[in-house]
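Right, one structure below, let's go through it.
The values are calculated or read from the model by the stated rules, or taken from the named source; none is laboratory data. Here the structure is a predicted model, which means the values were calculated and not measured. Note that we place each Cβ from the backbone using ideal geometry, even for glycine, and neighbour counts take in every protein chain shown.
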Amino acid sequence: MASIQNGVQPTFQIGELAKRTAVSIDAIRFYERRQLLPPAFRSAGRFRLYTTDDIERLRFVQRVQRLGFSLEEVKRLVAIRADKGHACTAVRQFLKTKLDGVRTKIRELQLLEAELKADLGKCNHALKQQRGKTCVCPVLEEIERTNNA
């Protein structure tokens, strides 16, 4: 990492930021438009200029996204991160809410899994009964009956 001289951080262009963070230039611009990264300083030639602070912020955004947070949630976490004095309480509540949502999704997926297993069993049973003959799919029949009811 570059050192700070005279209180000023060294700057580099968007291609270097992309290289250092393994994030595409298009993604960096997208994050700027979504205000997940602050607007970049511009050089006299209008090139975007970034600092090591931008690297850290972009890495934070990446880590939080890998945890499954939406862009809106990431944006809120970035704002919470800026208020270090009150961040822990806010993050705790934020994580509790996210965990509740994940647990709900898990329950929904478990119900879906059970339904798909049952339907697969119906198909397997019907195919065993028909032994190579054409057969009516019991799952499709059940869906059609449900739609017509």
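Listed values, structure above:
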quantity: Filter result for the condition that a residue is in a helix (DSSP H, G or I), touching a helix residue (DSSP H, G or I) at 6+ places or on another chain (Cβ under 9 Å) and acidic (D, E), over E73, E32, E56; calculated: E73
quantity: In segment 12-29, residue farthest from Q65 (Cα to Cα) [restricted to those that are free of Cβ contacts under 8 Å to residues at least 12 places away in the same chain and not in a loop (DSSP other than H, G, I, E, B)]; calculated: G15
quantity: Candidate set from segment 97-137 (those that are among the basic types (K, R) and part of a helix (DSSP H, G or I)); member that is farthest from the chain's Cα centre (by Cα); calculated: K128
quantity: Sole residue being at pLDDT below 95, closer than 30 Å to E16 by Cβ, out of contact with any strand residue (DSSP E or B) (no Cβ under 7 Å at 6 or more places or on another chain) and in a helix (DSSP H, G or I), chosen from Q62, Q93; calculated: Q62
quantity: Condition check for V91: surrounded by 10 or more Cβ atoms within 10 Å (Cβ to Cβ) and touching a helix residue (DSSP H, G or I) at 6+ places or on another chain (Cβ under 8 Å); calculated: yes
quantity: Filter pass, L37 being within 30 Å of E16 (Cβ to Cβ) and not in a helix (DSSP H, G or I); calculated: yes
quantity: Any hit, segment 125-141, residues being surrounded by 14 or more Cβ atoms within 10 Å (Cβ to Cβ), in contact (Cβ under 8 Å) with a residue 24 or more places away in the chain and on the phi < 0 side of the Ramachandran plot; calculated: no
quantity: Conditions (1) surrounded by 10 or more Cβ atoms within 10 Å (Cβ to Cβ); (2) at positive phi: number failed by G101; calculated: (2)
quantity: Pairs where the first residue, in segment 64-81, is over 19 Å from R92 (Cβ atoms) and the second is of a type in the set (A, V, I, L, M, F, W, C), C-beta under 8 Å, 6+ apart; calculated: Q65/L71; Q65/V74; L71/L36
quantity: Cross-chain or 6+ apart pairs with Cβ under 7 Å, segment 45-63 first and loosely packed, with under 15 Cβ neighbours inside 10 Å, then in a helix (DSSP H, G or I); calculated: R59/T21
quantity: Residues being under 20 Å from the mean Cα position of the chain (by Cα) and not hydroxyl-bearing (S, T, Y) - total across segment 11-37; calculated: 15
